């Protein structure tokens, strides 16, 4: 992998990310039922702010769970409670389906997306947030973060009239559509990989009329901050860490 120099350097003033574990990660949180969904819950019990994380189609991978813990505990000035619900009810998409380089894989992925279309999940989020507030009454403000497929869920959720979030972010989002940026009323961050269409990312940024952070990690693949991240690769690990620092700074400013 090319050693492309890091760009858009991020200050360490607001966050102290612990050493990233390359494999065999031990979660800091636990799995609980929230709103009828198995949910990975992490962060201080008395946190006043929360982040709802929408994982990618592969579900609970160590890389994604570790990311939730980084968000929950790395900001020196603001701790977050993080909730990551299992929308797939224990049946995520097998990671072997990606990349979809055979007809069989393409059909399987198509069937999966047909069962879990982003608009359907976005419609379930507001009720889930009500359950989060019942679970953790100390929480008064919430943000939303989505990876890949989850990035599309975020875009649809926060532009709806029922949006309950004060800030939102998408990491290597699938199906980037500049039209989704129109009418947004809350701060929004988009961290793109080399695999997202650069023109779509540019147009999305141009249409955002809210506080924003849009950045492309030009040598990283779609999925580098979630299940498809190869954290044994030192460059990937460095950009994984830098991506989470960017999210922490963004949420620290806007949540």
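Structure data summary
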| quantity | calculated |
| --- | --- |
| Residue that is without any contact (Cβ under 8 Å) to a residue 40 or more places away in the chain, over 18 Å from residue 226 (Cβ atoms) and not in a strand (DSSP E or B), where the choices are 114, 24 | 114 |
| In the stretch 129-145, the residues that are in a helix (DSSP H, G or I) and in contact with a helix residue (DSSP H, G or I) (Cβ under 6 Å, 6 or more places away or on another chain) | none |
| Hits in the stretch 13-27 - residues which are within 18 Å of the chain's Cα centre (by Cα) and surrounded by fewer than 16 Cβ atoms within 10 Å (Cβ to Cβ) | 27 |
| Conditions (1) assigned to a helix (DSSP H, G or I); (2) in contact with a helix residue (DSSP H, G or I) (Cβ under 8 Å, 6 or more places away or on another chain); (3) modelled with pLDDT of 95 or more; (4) over 23 Å from residue 62 (Cα atoms): number failed by residue 105 | (3) |
| Residues that are surrounded by fewer than 20 Cβ atoms within 10 Å (Cβ to Cβ) and either assigned to a helix (DSSP H, G or I) or in contact with a strand residue (DSSP E or B) (Cβ under 7 Å, 6 or more places away or on another chain) (or both), drawn from the stretch 76-89 | 76, 78, 86 |
| Residue that is nearest to residue 251 (Cα to Cα), among those in the stretch 27-43 that are touching a helix residue (DSSP H, G or I) at 6+ places or on another chain (Cβ under 6 Å) and outside any strand (DSSP E or B) | 43 |
| Per-region count, the stretch 44-63, residues under 29 Å from residue 175 (Cβ atoms) and part of a loop (DSSP other than H, G, I, E, B) | 7 |
| Qualifying residue in the stretch 214-229 (condition: free of Cβ contacts under 8 Å to residues at least 40 places away in the same chain and over 27 Å from residue 100 (Cα atoms)) | yes |
| Residue 185, sole failed condition from (1) crowded, with 20+ Cβ neighbours inside 10 Å; (2) farther than 21 Å from residue 57 by Cα | (1) |
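Each row is one residue, and each column tells you yes or no for (1) surrounded by 17 or more Cβ atoms within 10 Å (Cβ to Cβ); (2) over 25 Å from residue 32 (Cβ atoms); (3) under 14 Å from the mean Cα position of the chain (by Cα).
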position: 139; (1), (2), (3): yes, no, no
position: 166; (1), (2), (3): yes, no, no
position: 173; (1), (2), (3): yes, yes, yes
position: 190; (1), (2), (3): yes, yes, yes
position: 196; (1), (2), (3): yes, yes, no
position: 206; (1), (2), (3): no, yes, no
position: 233; (1), (2), (3): no, yes, no
position: 247; (1), (2), (3): yes, no, yes
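The values are calculated or read from the model by the stated rules, or taken from the named source; none is laboratory data. Fair warning: this is a prediction, and the values are worked out from it, not measured in the lab. Here Cβ is always computed from backbone atoms with ideal geometry, including for glycine, and neighbour counts include all displayed protein chains.
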